[in-house]
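The values are calculated or read from the model by the stated rules, or taken from the named source; none is laboratory data. From a predicted model like this one, the values you see are computed outputs, not experimental measurements. All Cβ positions, even for glycine, are placed from backbone atoms using ideal geometry, and neighbour counts span all protein chains on display.
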Amino acid sequence: MTALLQVRGLQRRFGGNLAVDGIDFHIDQGELLAMIGPNGAGKSTTFNLLNGQLRADGGTAWLGGRDLIGLRPREIWKQGVGRTFQIAETFASLSVVENVQMALLSAAGRVFDLWRAARDFQREQALGLLRDVGMQGQAERPCSVLAYGDVKRLELAIALANRPRLLLMDEPTAGMASAERHELMVLTRRLVAERGMAVLFTEHSMDVVFAHADRVIVLARGRLIATGRPAEIREHPAVQEAYFGTGLSFEKRRGAPQ
């Protein structure tokens with residue numbers, strides 16, 4: 001299978017510290033790839049390099065026939081890369097449907113069109129995106145009154161406005177209850193299948209990673225230390241050492257007192 005995204009030798013230095021140290025990985029169309037690692041592993045930096053928020057010091061990231069490295073965030077977005085954030089980014093003063101309409105306006109290059117009422121722009125398309133994430137019934141509610149899990153669903157609808165081929169999800173279930181976490185990832189899996197896109201996500205909840213990822217890549221101190229299926233990563237000695245030191249597995253950690 002030809003990879004949708006092919007990353008080679010990606011590197012970012014902060015002073016004398018290599019935050020991302022020449023990592024290689026790929027993502028296939030239709031795949032949910034989890035990127036995990038202890039704090040300071042380089043996950044957020046990698047996301048910001050792929051999204052154009054940081055400039056890489058080296059390496060390539062080919063999406064289809066275009067290298068994303070060196071492009072600005074909006075140029076990368078136009079190439080079909082969407083993103084959600086650990087802290088959801090929505091307009092609290094607008095209604096749910098207006099939030100999605102704003103994303104559709106941006107995708108169409110109409111943000112600065114002063115001659116048409118924005119409230120009428122692609123309303124049916126916005127409602128369709130809300131229906132896809134189970135939020136159509138709350139379309140007219142102010143975003144400011146939504147439960148946090150619903151804000152995350154709304155942010156997902158916004159991220160779908162430019163019909164992404166690749167969706168970057170930074171801690172998508174952060175701050176959510178256990179049932180909400182799994183519901184969101186089941187929804188994400190369905191959208192991946194329906195839209196033929198791929199998802200790269202970071203996640204601290206190992207139950208989410210092991211239940212929903214197709215493959216897992218593991219970073220530690222800026223380097224890629226393991227790649228494999230969730231069951232392989234769960235038992236990988238280098239991964240267990242990076243997280244816990246020696247002598248403690250994910251299963252033992254789950255049963256340990258908190």
Original post:
Tell me, which residue of segment 187-237 that is surrounded by fewer than 17 Cβ atoms within 10 Å (Cβ to Cβ) and among the small types (Gly, Ala, Ser) is nearest to THR46 (Cα to Cα)?
Top reply: GLY228
Original post:
Considering only segment 1-32, how many residues are crowded, with 19+ Cβ neighbours inside 10 Å and over 23 Å from GLY70 (Cβ atoms)?
Top reply: 2
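For residues in segment 61-117 being among the small types (Gly, Ala, Ser) and assigned to a helix (DSSP H, G or I), which is modelled with the highest pLDDT?
Checking each candidate, the answer is ALA103.
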Original post:
When the residues of segment 1-48 are filtered to those that are in a helix (DSSP H, G or I), among the polar types (S, T, N, Q) and under 27 Å from PRO237 (Cα atoms), which remaining residue is modelled with the lowest pLDDT?
Top reply: SER44
Original post:
Restricting attention to segment 52-101, which residues are under 18 Å from the mean Cα position of the chain (by Cα) and on the phi > 0 side of the Ramachandran plot?
Top reply: GLY52, GLY80
Original post:
Among the residues of segment 123-141 satisfying the criterion of being of a type outside the set (A, V, I, L, M, F, W, C) and part of a loop (DSSP other than H, G, I, E, B), which is farthest from ASN99 (Cα to Cα)?
Top reply: GLY134
Subject >> Pairs where the first residue, in segment 121-137, is in contact (Cβ under 8 Å) with a residue 40 or more places away in the chain and surrounded by 16 or more Cβ atoms within 10 Å (Cβ to Cβ) and the second is outside any helix (DSSP H, G or I) and not hydroxyl-bearing (Ser, Thr, Tyr), C-beta under 9 Å, 6+ apart >> reply: ASP132/LEU160; VAL133/LEU160
**OP:** Return yes or no: is LEU54 touching a helix residue (DSSP H, G or I) at 6+ places or on another chain (Cβ under 6 Å), crowded, with 21+ Cβ neighbours inside 10 Å and not acidic (Asp, Glu)?
**Re:** no
Subject >> Matching residues, segment 138-162, being hydrophobic (A, V, I, L, M, F, W, C) and surrounded by 16 or more Cβ atoms within 10 Å (Cβ to Cβ) >> reply: ALA139, CYS143, LEU146, VAL151, LEU154, LEU156, ALA157, ILE158, ALA159, LEU160, ALA161
Subject >> segment 47-66 residues that are over 17 Å from ALA3 (Cα atoms) and in contact (Cβ under 8 Å) with a residue 12 or more places away in the chain, paired with ones that are β-branched (Val, Ile, Thr) and part of a helix (DSSP H, G or I) (beta carbon under 7 Å, 6 or more apart) >> reply: ASN51/ILE76; GLY52/ILE76; LEU54/THR45
Original post:
So SER144 fits all but one of (1) part of a helix (DSSP H, G or I); (2) farther than 23 Å from ARG181 by Cα; (3) at pLDDT 90 or above; what number is the exception?
Top reply: (2)
**OP:** Find the residue count for segment 140-160, including only residues that are of a type outside the set (Gly, Ala, Ser) and over 20 Å from the mean Cα position of the chain (by Cα).
**Re:** 6
